[in-house]
Amino acid sequence: MDHARIRVQIQKTMADRIYTGSVDAAVKILKQYGIRGLFRGQVPTAIRESTGLCLYFRYIEMMTTMLTPPDLHHNEVPIYVPLIAGGVGGIMYWMFNYPFDYVKTLMQSDKLGDLKYPTMTAVFKDQYRLGGWRVFFKGYGICMLRAFPVNAACVATYRVMQRVTGHVSH
């Protein structure tokens, strides 16, 4: 649960420590704020995931098809193919969805019980007022720099493990 993870991460000092881990955070949030508290920030998360994963898998498949030599089956490609395909997929996932992740994080790190941002729209309006459209791209450069290698390694590892285990997708 992303919200519980964020709650644990924003504890700055031992004195601030309310949660011992993500499961503890989830249980305490659920008890004190109910299901709505636990699932806070799910609208921007759903938007990020639905559009992001469509782009991610579309570009992985597209790049795999483009880079696979014509005489090879989809599952016999050289290692550079899933590396490049995964990297491009990762870039595409974050390229258009980063603002929703930024908004989700602000919602999930907001003070429970005394919300500054009751809705996703409230975050967008307030943050835009504070810094224009650029505010939604704080940390974007670092995210994009890590997107390629992380996703390249992820997809390449997945493909290698498919070959090792003999469980190959079609």
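The values are calculated or read from the model by the stated rules, or taken from the named source; none is laboratory data. This is a predicted model, so every value here is computed, not measured. Here Cβ is always computed from backbone atoms with ideal geometry, including for glycine, and neighbour counts include all displayed protein chains. Areas reflect the complete protein model, heavy atoms only, side chains present, ligands, DNA and RNA absent. Shrake-Rupley method; radii C 1.70, N 1.55, O 1.52, S 1.80 Å.
Taking all protein chains into account, the per residue accessible area for the stretch 29-106 stands at 52 Å² (1.4 Å probe). Spatially, the stretch 106-170 and the stretch 24-55 are offset by 13 Å when compared through their Cα centroids. Only helices enter the 222 nm calculation for the chain: every DSSP H run of n ≥ 4 contributes -39,500 (n - 2.57), and dividing by all residues gives -24000 deg cm²/dmol, rounded to 500. If the segment from residue 96 to residue 9 were pulled out straight at 0.36 nm per residue, it would be longer than the present Cα-Cα gap by 28.8 nm. Between residue 130 and residue 43, the FRET efficiency from the beta-carbon distance, with R0 = 22 Å, is close to 0.60. Classify the stretch 1-72 as rounded, prolate or oblate, taking a ≥ b ≥ c as the square roots of the eigenvalues of its Cα gyration tensor: rounded when a/c is under 1.5, otherwise prolate if a/b is larger than b/c and oblate if not. Judged from the Cα gyration tensor, the stretch 1-72 comes out prolate (a/c at least 1.5, a/b above b/c).
Note down the relative contact order for the chain as a percent, whole number, built from C-alpha pairs under 8 angstrom at least six residues apart. If you can, show how the numbers build up before the last one.
On the way: 187 pairs, mean separation 42.8, N = 170.
Taking the mean separation of contacting Cα pairs over the length of the chain, I get 25 percent.
Going Cα to Cα from residue 116, which lysines come in below 18 Å? Please leave out same-chain ones fewer than 8 positions away. Reachable lysines: 104, 125.
Accessible area ranking (1.4 Å probe, heavy atoms, ligands and nucleic acids excluded), largest first, for 5, 134: 134, 5.
With r as the distance between the Cβ atoms of residue 2 and residue 167 and R0 = 25 Å, compute the FRET efficiency 1/(1 + (r/R0)^6) and round to 0.05. Provide the component values of the computation, followed by the final result.
Working: r = 29 Å, r/R0 = 1.14.
Between residue 167 and residue 2 the formula returns 0.30.
When Cα Rg over 2.2 N^0.38 Å is calculated for this entry, the matching label among (1) 1.27; (2) 0.96; (3) 1.07 is (1). The accessible surface of the chain, taken with every protein chain in place and a 1.4 Å probe, is 66 percent carbon and sulfur. For residue 31, a cut-off of 20 angstrom between C-alpha atoms picks up these lysines, skipping any fewer than 8 places away in its own chain: 111.
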